[in-house]
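Report on the structure given below.
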Amino acid sequence: MLKAIVGVEIEITRLQGKAKLSQNKEVRDIRSASEALKASGEVKISEAMSQAADVKERTQAKWMRPRKRPKNEASSLLNTRLVSVMFR
C-alpha cells in the first residue's frame with residue numbers, strides 16, 4: 001500500500017483573495033453586522049461592510065428601476081420567449 005502513495009510538489013505562483021462581506025445577505029443584514037462589528041472594536045472590517053452595503057444598495061436601486069415597455073405586442077412576445085429560453 002505504501003508504494004501507491006505518491007508525493008507531489010506544486011509551486012504557488014500567485015495568491016488571490018476574495019472579500020465576501022455577506023454578499024448574499026440583504027442590505028439591512030449587512031448593516032446590522034457592520035454595526036455589531038463596530039461595537040466589538042472591529043472598526044476596519046465594519047467600515048468595509050458598510051461600504052459593501054452602500055454599493056449593494058446603489059446596485060439594487062439601478063436594477064429595480066422600471067423597464068421601458070416594448071413598442072408593440074410582437075416585440076413583447078419575442079422578449080417573453082427569449083427570457084423563457086434563457087431560464088431553461
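The values are calculated or read from the model by the stated rules, or taken from the named source; none is laboratory data. Just so we're clear, the structure is a prediction, and the values are computed from it rather than from any experiment. All Cβ positions, glycine included, derive from the backbone under ideal geometry; neighbour counts span all protein chains shown.
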Requiring at least 2 residues that are hydrophobic (A, V, I, L, M, F, W, C) and at pLDDT 80 or above, the helices (runs of 4 or more DSSP H) wholly within the range 26-88 are 27-39, 43-63
Tally of residues being in contact with a helix residue (DSSP H, G or I) (Cβ under 8 Å, 6 or more places away or on another chain) and either more than 30 Å from Q51 (Cα to Cα) or aliphatic (A, V, I, L, M) (or both) across the range 1-29: 3
Cβ-Cβ under 6 Å, sequence separation 6+ or interchain: first residue in the range 30-58 and of a type in the set (V, I, T), partner surrounded by 14 or more Cβ atoms within 10 Å (Cβ to Cβ) and in a helix (DSSP H, G or I). Which pairs? I30/M49; I30/A53; I45/L37
Note on the range 50-64: residues over 13 Å from the mean Cα position of the chain (by Cα), of a type in the set (A, V, I, L, M) and surrounded by 15 or more Cβ atoms within 10 Å (Cβ to Cβ) are none
